[in-house]
């Protein structure tokens, strides 16, 4: 009866441990544990049988050894698996690529960009202007039936003629960037307003920096 209890306990532990072990890969740990369990069970089974009731039965002692070894294999394999086998690798799902936003259609006269700024007395594009211009290229490509006015502006420092010239150079710099991005030059109309249309006060450096700009406006293609 005691030996049956040992076997039953081994089976119960095996069933309970199976839930925990399900995430592990069966390997050398289970094998080693089974061998150790078989040895211990083979020795312990006859001892339990002997001290329990069959002290003089050779056949019963042999049965005890066999049953003990079997229970030891099950229990030892499970314990070895839990203690020494490694976790099975978990497959990491591949993240889906984030789609780029689809450019929205724009209506005629809508100001697309209002932050293409320039340094004092300069028509060179600054690094912070290029992401805005790349976005303008995507918008223009998504709206092929529109024309665009490229309007250059300046601050109030300098003569009217000089600022008209400087505003035109700034607008041309923006147009050239858009053309290099694949936009048809025939859709881009350059204009210069010089210092005549400030958006901020020219009394401060901050205001003048805001006025040194190029604006893009959509219109109907001719």
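The values are calculated or read from the model by the stated rules, or taken from the named source; none is laboratory data. Source: prediction; values computed, not measured. Note that we place each Cβ from the backbone using ideal geometry, even for glycine, and neighbour counts take in every protein chain shown.
Here is how the numbers come out for the structure above:
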read-out: Residue within segment 109-116 that is modelled with pLDDT of 85 or more and closer than 14 Å to residue 175 by Cβ present; value: yes
read-out: Hits in segment 170-189 (condition: within 26 Å of residue 121 (Cα to Cα) and surrounded by 18 or more Cβ atoms within 10 Å (Cβ to Cβ)); value: 170, 171, 173, 174, 175, 177, 178, 188
read-out: Which listed residue, of 215, 135, 168, is out of contact with any helix residue (DSSP H, G or I) (no Cβ under 7 Å at 6 or more places or on another chain), at pLDDT 95 or above and assigned by TED's automatic domain parsing to the domain that holds residue 120; value: 168
